[in-house]
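Have a look at the structure below, then the notes.
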Amino acid sequence: MEIIHFSAECYPVAKVGGLGDVVGALPKYQNKLGHVAKVVMPAYQTKFLHQHDFEVVYDGWVRLGYTNFQVRIFREKTNELGFDLYLVHIGGLLDREKVYGYDDDTERFLAFQIAALDWIAQWEHQPNVIHCHDHHTGLIPFMLGNCHNYRHLNHIPTVLTIHNAQYQGQFGWDKLYYLPAFDLRNSSKLDWGNCINPLASAIKCAWRVTTVSPSYLEEISYNANGLENLLAQERGKSFGILNGIDVEVWNPQKDPMLTKGFNARTVESGKKANKDAICAIFNLDKEKPLFTFIGRLVGEKGADLLPDIFYNALQQSDGEINIIALGSGDPHVEDRLNELTHQFPGSYNAYIGYNEALSHQIYAAADFILMPSRVEPCGLNQMYALRYGTIPIVRRIGGLKDTIIDIGDGGFGICHDQTSIWDVGHAIGRAYELFLDQKKVKEIRKFIMALDHSWDKAAQQYIDLYQM
């Protein structure tokens, strides 16, 4: 079976969040099952583009409304990611460093989708499945089924995976002329909320819809930023498949970014060595329990509450805990997190920005990771933490609910029900009490490192879905 994944992100080419991790791993594991999975994404000006060898497989033009843009599609030669990678270069639109955040993002991702389909339309063969990820590729199912240029491709099954329903990519009807020609009587397939909504269109037009955890499929029935009724209508073709993690990238025994590698048998000495190193870098006391937050500093992650949560926890513990924050996002939250470094020297520190190597090191060093999310479709950080012997403190929501069981229920994590300063503070207090029982902590560490959250099971579930 030949599967084409369309995505705006793919680790390590370009990553903003969990979408990049998923698309960087799922195709590799599908190939291991004997299939041919490929990834098509924009050619951003990233280090990966400049450090790898590519060959041109397509040279042409894409028409966006009344404007033509030159297109080149490159294939990465070495196949080092474990799958064929194709980068779509469109001068003036996609040849930028950042993935998102431009005023013309609508035009950028529309041109990307049209150019990729124009290329596939010229193939001598046709793929078995086209798998679209989030709204950035959400108009592909509509175009395959309705645009005249792709009529000969309309029998190819399409799958949409919703990584986050809060972001939908909607734009006004004044830009309808950007799309390739189609019968205007089918315009209703694009519409939701009186605008063109790529995510809504994909939910309507894709043959199957998946979410990245079973609980998230339930939650978007009442919290999907206006798409609740549509998702209810399409529930019959929708499935929740829990994400996995790439256990080759996230392997504490072989991770080259760590001070010292370790496994479940050597976890105590391994975590101690990594904790000593991180505490030296951040001027913290290596004898105290180390709490961390790693992620985007946005409301969905509960990040707006972190400064107050950290302040209260540090005050109430009377200096008996350490906290490191790693992330970027809301400038106001960034400033407040930085301010705490002056208020609690020796107990708190922050790194504002994205640093892949440092995140690995902190996962290996920390005793607990905080995930007080308001929305968490799947969550990968808690799975990375488990793999590195770090105990998750999570809100019971989405994929966090599917993967973490509270120690009070015979499990291995600490769970709370609300994203609130009090709830998270109480959970931190419970974690501190747990830390004092080092025998119990050691038992939990060995247990959680043995849990299997690899992509093997999920990759097979996607293959089963395609075969429907």
Would you mind finding the one in F74, F83, F69 that is modelled with pLDDT of 95 or more, over 20 Å from V16 (Cα atoms) and in contact with an Asp or Glu (Cβ under 9 Å, 6 or more places away or on another chain)? F74
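May I ask you to list the residues in the stretch 234-273 that are among the small types (G, A, S), closer than 27 Å to D134 by Cβ and either surrounded by 14 or more Cβ atoms within 10 Å (Cβ to Cβ) or at pLDDT below 95 (or both)?
The first filter runs over the stretch 234-273 and keeps only residues among the small types (G, A, S), leaving 236, 238, 240, 244, 261, 264, 269-270, 273.
With the extra rule that they be closer than 27 Å to D134 by Cβ, the set shrinks to 236, 238, 240, 244.
The answer is S238, G240, G244.
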If I filter the stretch 53-70 down to residues being more than 29 Å from the chain's Cα centre (by Cα) and outside any strand (DSSP E or B), which single residue comes out as surrounded by the most Cβ atoms within 10 Å (Cβ to Cβ)? G65
For G240, which of the numbered conditions (1) more than 30 Å from P345 (Cβ to Cβ); (2) over 25 Å from the mean Cα position of the chain (by Cα); (3) of a type in the set (G, A, S) fails to hold? (2)
Condition check for I428: crowded, with 24+ Cβ neighbours inside 10 Å, assigned to a helix (DSSP H, G or I) and more than 21 Å from the chain's Cα centre (by Cα): yes
Looking at P180, is it in contact with a strand residue (DSSP E or B) (Cβ under 6 Å, 6 or more places away or on another chain) and within 23 Å of K401 (Cβ to Cβ)? no
Test for A181: is it in the same structural domain as V129 (by TED's automatic domain parsing) and either in contact with an Asp or Glu (Cβ under 9 Å, 6 or more places away or on another chain) or crowded, with 22+ Cβ neighbours inside 10 Å (or both): no
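Just to check your reading of the model, which residue among G413, G399, G408 is surrounded by 24 or more Cβ atoms within 10 Å (Cβ to Cβ) and either free of Cβ contacts under 8 Å to residues at least 24 places away in the same chain or over 20 Å from the mean Cα position of the chain (by Cα) (or both)?
Numbers: G399 fails: either free of Cβ contacts under 8 Å to residues at least 24 places away in the same chain or over 20 Å from the mean Cα position of the chain (by Cα) (or both); G408 fails: surrounded by 24 or more Cβ atoms within 10 Å (Cβ to Cβ).
Of G413, G399, G408, the one residue that is surrounded by 24 or more Cβ atoms within 10 Å (Cβ to Cβ) and either free of Cβ contacts under 8 Å to residues at least 24 places away in the same chain or over 20 Å from the mean Cα position of the chain (by Cα) (or both) is G413.
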L217 being outside the structural domain of E376 (by TED's automatic domain parsing) and in contact with a helix residue (DSSP H, G or I) (Cβ under 7 Å, 6 or more places away or on another chain): no
Just to verify a result, which residue in the stretch 116-141, among those that are of a type in the set (A, V, I, L, M, F, W, C), crowded, with 24+ Cβ neighbours inside 10 Å and in contact with a Phe, Trp or Tyr (Cβ under 8 Å, 6 or more places away or on another chain), is nearest to E376 (Cα to Cα)? C132
State all residues of the stretch 394-413 that are outside any loop (DSSP other than H, G, I, E, B) and under 24 Å from G240 (Cβ atoms); if no residue qualifies, say none. V394, R395, G398, G399, L400, K401, D402, T403, D406, D409, G413
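If you go through the stretch 71-87 one residue at a time, do you hit one that is part of a helix (DSSP H, G or I), surrounded by 15 or more Cβ atoms within 10 Å (Cβ to Cβ) and either outside the structural domain of L380 (by TED's automatic domain parsing) or not aromatic (F, W, Y) (or both)? Don't jump to the end; show me each part of the working.
Within the stretch 71-87, the subset part of a helix (DSSP H, G or I) is none.
There is no residue in the stretch 71-87 that is part of a helix (DSSP H, G or I), surrounded by 15 or more Cβ atoms within 10 Å (Cβ to Cβ) and either outside the structural domain of L380 (by TED's automatic domain parsing) or not aromatic (F, W, Y) (or both).
When you scan the stretch 279-378 for helices (runs of 4 or more DSSP H) that lie fully inside it, which ones turn up with 3 or more residues that are surrounded by fewer than 24 Cβ atoms within 10 Å (Cβ to Cβ) and touching a residue at least 40 places away in the same chain (Cβ under 8 Å)? Steps first, answer last, please.
Values: elements: 306-316, 331-343, 356-365.
By residue number, 306-316, 356-365.
Give T259, T211 a once-over and let me know the one that is in contact (Cβ under 8 Å) with a residue 60 or more places away in the chain and touching a strand residue (DSSP E or B) at 6+ places or on another chain (Cβ under 8 Å).
It is T211.
With the condition kept exactly as written, say whether any residue in the stretch 208-226 is basic (K, R), out of contact with any Ser or Thr (no Cβ under 7 Å at 6 or more places or on another chain) and exposed (fewer than 15 other Cβ atoms within 10 Å of the Cβ). If you could, list the steps in order and put the result at the bottom.
At the first step, the residues of the stretch 208-226 found to be basic (K, R) are 208.
Then keep just the ones that are out of contact with any Ser or Thr (no Cβ under 7 Å at 6 or more places or on another chain); that gives 208.
In the following step, the residues that additionally are exposed (fewer than 15 other Cβ atoms within 10 Å of the Cβ) were identified as none.
No: the stretch 208-226 contains no residue that is basic (K, R), out of contact with any Ser or Thr (no Cβ under 7 Å at 6 or more places or on another chain) and exposed (fewer than 15 other Cβ atoms within 10 Å of the Cβ).
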If I ask for residues that are within 26 Å of the chain's Cα centre (by Cα) and not in a helix (DSSP H, G or I), which ones from the stretch 431-467 would you list? A450, L451, D452, H453, S454, W455
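The values are calculated or read from the model by the stated rules, or taken from the named source; none is laboratory data. Since this is a predicted model, take the numbers as computed values, not measurements. Heads up, the Cβs are rebuilt from the backbone with ideal geometry, glycines too, and the neighbour counts pull from every protein chain shown.
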